[in-house]
Ligand code: OAD
């Protein structure tokens, strides 16, 4: 009989992609790649100027296809040898998938996908040759399409599934997030009592009130190397 692997749940934010050259949000004074976040990542912003929002995500896609997964993404793949690893990410990039992680849930949508304006369940993947969209873009079914991004002021459809996964965790690891955006930040509350929590971030948010947290004040790749050693020793 094979022994079941412990369940390792990762909650990643923008910091895990920083070493791949993708800027984080709050390290730039509320600007996201020089745009005010609420202009390009909110439902109000999209209503006010859909052309600007499409153009913004067109630029992000062009940047993403030139970015590569970094050691942090790769270490999470290596951990699959010994753990049943679930990645829950707030990131809209596809670097976890390109590194080879097998279970990735995107809480805030995916840059390389678009979805119907009128039917949120109708989603299409973009073809690498046609990454530009505009307010006139129609999908294969004829629907007007928008970036597959969960804007501020919109519900987060994947949060229930994410909470279910976190509640199964034997070990929970938070990497590179400022823990300010809810409901994602609230996933910490879904961890079962007594389950060890690690938080890897060079500039971590306060974790006051959360028990069993070990803060590793390092970049994602350095911190994950350290965590791998800790887990190895604890076996
Ligand atoms: P933030 O930009 O708020 O936080 C990034 C975190 O990464 C900070 O805590 C940094 O200290 C940390 N960091 C920076 N460099 C790092 C490195 N090399 N290694 C590890 N950590 C590093 O990003 P998020 O918390 O992910 O939402 O932001 C949450 C959401 O707000 C995003 O998903 C996005 C944004 O508005 C949407 O787009 C809907």
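Read-outs throughout are calculated quantities, based only on the coordinates presented, and are distinct from any laboratory measurement. Everything numeric here is computed off the predicted structure, so don't read it as measured data. Virtual Cβ from ideal backbone geometry, glycine too; neighbours counted across all protein chains shown.
Extension gain for residue 203 to residue 33 (0.36 nm times residue separation, less C-alpha to C-alpha distance): 59.2 nm.
Percent of Cα-Cα pairs more than 21 Å apart in segment 107-235, please. In whole percent, the long-distance tail amounts to 55. Shape of segment 164-235 from the C-alpha gyration tensor: oblate (a/c of 1.5 or more and a/b not above b/c, with a ≥ b ≥ c the square roots of its eigenvalues).
Per 10 Å bin, what is the whole-percent P(r) computed from every C-alpha pair distance within the chain? Taking all Cα pairs of the chain, the binned fractions are 7, 32, 35, 19, 6, 1 percent.
Among 219, 89, what is the fewest-to-most ranking by other Cβ atoms within 10 Å? Don't skip to the answer; put the middle values down first.
Values: 219 21, 89 29.
Ascending Cβ contact count within 10 Å gives the list 219, 89.
Using the Cβ-Cβ distance between residue 180 and residue 47 with R0 set to 22 Å, the FRET efficiency from 1/(1 + (r/R0)^6) comes to roughly 0.40.
Rounded, prolate or oblate: pick one for segment 95-151, where a ≥ b ≥ c are the square roots of the eigenvalues of its C-alpha gyration tensor, a/c under 1.5 means rounded, and failing that, prolate if a/b is larger than b/c, else oblate. Prolate.
Which value, in Å³ per residue, describes the convex hull spanned by the Cα atoms of segment 27-119? Kindly include the intermediate steps, with their values, before the conclusion.
Working: hull volume 10.8 nm³, N = 93.
Spelled out: Cα convex hull of segment 27-119, divided by residues, is 116 Å³.
As a rough guide to protection, the peptides 170-181, 139-150, 192-203, 115-126 ranked by mean Cβ packing within 10 Å, highest first, stand as 170-181, 139-150, 192-203, 115-126. Using C-alpha pairs below 8 Å separated by at least 6 residues, the relative contact order for the chain is 23 percent. Among 206-217, 50-61, sorting by the average number of other beta carbon atoms lying within 10 angstrom of each residue, highest first, gives 50-61, 206-217.
Each residue in 25, 46 was given a count of other beta-carbon atoms within 10 angstrom of its own, and listing them fewest first yields 25, 46.
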